[in-house]
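A short write-up of the structure that comes next.
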Amino acid sequence: MKRYSVFALAREAMRHQKGWERAWRSPQPKPRYDVVIVGAGGHGLATAYYLGRNFGVRNVAVIEKGWLGGGNSGRNTTIIRSNYLQDPSSAIFEKARKLYETLSQDLNYNVMFSPRGVMMLAQTPHEMRGYLRTVQANRLQSVETEWIGPERVKSLVPIMNIEGPRYPVLGALWQPRGGTARHDAVNWGYARACSAMGMDIIQQCEVTAIRSANGQVTGVETTKGRIDCGKLGIVVAGHSGVLAEMAGFRLPIESLALQALVSEPIKPVLDTVVMANTVHGYISQSDKGELVIGGGTDGFVNYAQRGSFQHVEETVRALIETFPIISRLRMMRQWAGIVDMTGDRSPILSATPLGNCFVNCGWGTGGFKAIPGSGWAMAELIHKGAPGPLAAEFGLDRFREGRFIDESVAAGVAH
Ligand SMILES: Cc1cc2nc3c(=O)[nH]c(=O)nc-3n(C[C@H](O)[C@H](O)[C@H](O)COP(=O)(O)OP(=O)(O)OC[C@H]3O[C@@H](n4cnc5c(N)ncnc54)[C@H](O)[C@@H]3O)c2cc1C
């Protein structure tokens with residue numbers, strides 16, 4: 001694979017851009033791989049990448065029923081932060097955030113990581129107490145966050161109305177090195193690096209059955225035929241329950257539509273990410289100038305990648321009090337993904353009842369930010385057959401043992 005560089009840009013400019021190669025190969029599946037990963041979202045691709053990079057395992061296939069990055073990893077609002085309350089969460093999200101800092105160099109692909117700062121607004125005294133507690137927890141976890149007052153909030157985001165009649169801004173939990181990255185570029189960068197290591201990314205290939213014998217997976221049936229494997233990783237987000245059923249076990253996952261929308265592009269007005277959890281909306285401005293707006297999940301279980309119209313209305317209505325300029329903007333596009341929610345709103349990185357089958361899911365509404373850390377931990381889990389320190393607390397057994405990692409009610413944050 002030819003490296004991308006300023007010299008490559010200059011060379012191609014001289015020869016009418018005719019020398020670029022395809023970023024990744026599109027091979028037919030081989031009969032057998034050492035490891036098969038189902039799902040070419042960010043988590044599946046990152047798992048494959050770190051299997052190759054950290055452990056030298058390269059006879060790997062990533063199987064995708066649609067196009068790579070076509071699931072949630074290409075549909076999210078790209079917020080990256082690690083200011084979680086519980087220790088296991090902040091450890092894996094901070095690992096991911098740190099990997100994001102150098103991901104463009106590591107992958108030789110510009111993922112447009114933009115550490116523009118993430119603020120989580122406190123709009124009730126209860127929320128304020130919660131975030132003050134999170135700042136203390138983050139200090140103990142060596143995660144850099146601080147509490148900022150309303151004046152600082154206003155100076156960072158001048159378009160904000162901090163004196164809203166219903167929900168005045170009392171301050172914010174501020175993570176200066178949080179931010180965004182370009183979601184497609186993250187998927188494409190990992191895919192290109194995997195392909196360059198000789199791994200096969202097989203798109204338009206749906207897994208329809210999982211074959212097993214004597215408590216071990218032997219392979220998968222797909223729309224492109226049977227593929228045998230030594231180990232299987234299931235990394236399919238909202239379809240995790242479907243794949244688990246094929247493998248003969250159940251997961252504590254509910255699948256829900258989560259949607260986002262963008263406004264028409266406008267001049268730069270917002271250079272941080274703002275999350276407003278009380279009114280339930282979050283907002284940032286893309287490089288193209290669109291305001292990128294996300295809301296909550298639909299209130300019912302479903303697999304429809306659309307989202308309902310009343311949710312668009314609820315989200316925009318919620319944000320208008322705090323960002324009055326939104327009321328003048330036209331909304332251009334709306335879309336949804338199917339997110340995989342656990343009861344404690346924490347992910348599952350785990351062995352399963354089948355000895356050589358591993359599952360990575362449950363990232364729900366907040367897994368884009370985790371992609372590098374999750375791939376790192378999942379690769380270790382698959383390679384060694386047991387979790388390393390990052391994944392140790394996220395096993396399936398925590399639901400049986402009541403060892404929840406509560407990032408919802410206790411942390412007071414929806415995403
Ligand atoms: C609207 C929205 C906004 C979001 N905003 C944020 C945010 O700001 N910050 C953040 O951190 N997170 C956010 N998220 C969550 C984040 O996008 C997800 O947690 C993350 O992308 C999950 O990645 P994944 O690789 O596990 O799943 P996916 O990217 O969904 O990939 C799973 C893949 O598996 C494939 N698959 C399923 N079944 C099969 C099968 N039988 N055979 C083969 N392939 C199969 C699917 O086609 C899919 O491509 C948001 C999500 C949505 C929907």
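Could you please find all residues in the range 116-127 being surrounded by fewer than 19 Cβ atoms within 10 Å (Cβ to Cβ) and more than 24 Å from the chain's Cα centre (by Cα)? Reasoning before the result, please.
Filtering the range 116-127 for residues surrounded by fewer than 19 Cβ atoms within 10 Å (Cβ to Cβ) gives 116-117, 124-126.
Hits for the range 116-127 are Thr124, Pro125, His126.
Suppose we keep only residues that are within 10 Å of the ligand (Cβ to nearest atom) and of a type in the set (S, T, N, Q) within the range 26-73. Which one would you say is surrounded by the fewest Cβ atoms within 10 Å (Cβ to Cβ)?
The extreme case among them is Asn72.
Given the criteria of a type outside the set (Lys, Arg), in the same structural domain as Lys231 (by the TED database) and touching a residue at least 40 places away in the same chain (Cβ under 8 Å), does Leu381 qualify?
Working: of a type outside the set (Lys, Arg): yes; in the same structural domain as Lys231 (by the TED database): yes; touching a residue at least 40 places away in the same chain (Cβ under 8 Å): no.
Spelling it out, it is not the case that Leu381 is of a type outside the set (Lys, Arg), in the same structural domain as Lys231 (by the TED database) and touching a residue at least 40 places away in the same chain (Cβ under 8 Å).
Tell me which residues, restricted to the range 235-256, are more than 8 Å from the ligand (Cβ to nearest atom) and touching a Gly at 6+ places or on another chain (Cβ under 7 Å).
Residues satisfying the conditions are Leu251, Pro252, Ile253, Ser255.
Would you mind finding the one in Ile201, Ile210 that is more than 10 Å from the ligand (Cβ to nearest atom) and modelled with pLDDT of 95 or more? Spell out how you get there, then give the answer.
Numbers: Ile210 fails: more than 10 Å from the ligand (Cβ to nearest atom).
When all the criteria are applied, what remains is Ile201.
Residues that are among the charged types (D, E, K, R): which strands (runs of 3 or more DSSP E) entirely in the range 196-252 hold 3 or more of them?
Working: elements: 200-202, 207-213, 216-222, 225-234.
It comes to 225-234.
For the range 265-282, does any single residue satisfy the condition of being small (Gly, Ala, Ser), away from the ligand (no atom under 13 Å from the Cβ) and within 15 Å of Ile326 (Cα to Cα)?
Taking the range 265-282 first, the residues small (Gly, Ala, Ser) are 276, 281.
The next check asks that each one be away from the ligand (no atom under 13 Å from the Cβ); those that pass are 276.
Now drop any that are not within 15 Å of Ile326 (Cα to Cα), which leaves 276.
Yes, some residue in the range 265-282 is small (Gly, Ala, Ser), away from the ligand (no atom under 13 Å from the Cβ) and within 15 Å of Ile326 (Cα to Cα).
Looking at the range 103-115 only, could you name the residues that are surrounded by fewer than 19 Cβ atoms within 10 Å (Cβ to Cβ) and either under 15 Å from Ser82 (Cβ atoms) or in contact with a Leu (Cβ under 7 Å, 6 or more places away or on another chain) (or both)?
Pro115
Find all pairs meeting these conditions: Cβ atoms under 9 angstrom apart; at least six residues apart or on different chains; first residue within the range 74-96 and closer than 10 Å to Ala137 by Cβ and free of Cβ contacts under 8 Å to residues at least 60 places away in the same chain; second residue surrounded by fewer than 23 Cβ atoms within 10 Å (Cβ to Cβ) and of a type in the set (Ser, Thr, Tyr).
Final answer for the pair search is Ser90/Ser142.
Would a scan of the range 74-83 turn up a residue that is at pLDDT 95 or above, under 22 Å from Lys384 (Cβ atoms) and more than 7 Å from the ligand (Cβ to nearest atom)?
In the first step, residues of the range 74-83 are kept if they are at pLDDT 95 or above; the result is 74-83.
Applying the additional criterion that residues be under 22 Å from Lys384 (Cβ atoms) yields none.
No, the range 74-83 has no match at all.
Which members of the range 154-190 meet the condition of being under 16 Å from Ala276 (Cβ atoms), modelled with pLDDT of 95 or more and either of a type in the set (Phe, Trp, Tyr) or part of a helix (DSSP H, G or I) (or both)?
Lys154, Leu156, Trp174
Output the residues belonging to the range 280-296 that are farther than 14 Å from Thr78 by Cβ and surrounded by fewer than 21 Cβ atoms within 10 Å (Cβ to Cβ).
Within the range 280-296, the subset farther than 14 Å from Thr78 by Cβ is 280-281, 289, 295-296.
The answer is His280, Gly289, Gly296.
If you scan the range 132-147, which residues turn out to be in a helix (DSSP H, G or I) and either under 17 Å from Leu390 (Cα atoms) or not β-branched (Val, Ile, Thr) (or both)? Reasoning before the result, please.
The first filter runs over the range 132-147 and keeps only residues in a helix (DSSP H, G or I), leaving 132-140.
Correct list: Leu132, Arg133, Gln136, Ala137, Asn138, Arg139, Leu140.
The values are calculated or read from the model by the stated rules, or taken from the named source; none is laboratory data. A quick note: this is a predicted structure, and the numbers were derived from the prediction, not measured. Virtual Cβ from ideal backbone geometry, glycine too; neighbours counted across all protein chains shown.
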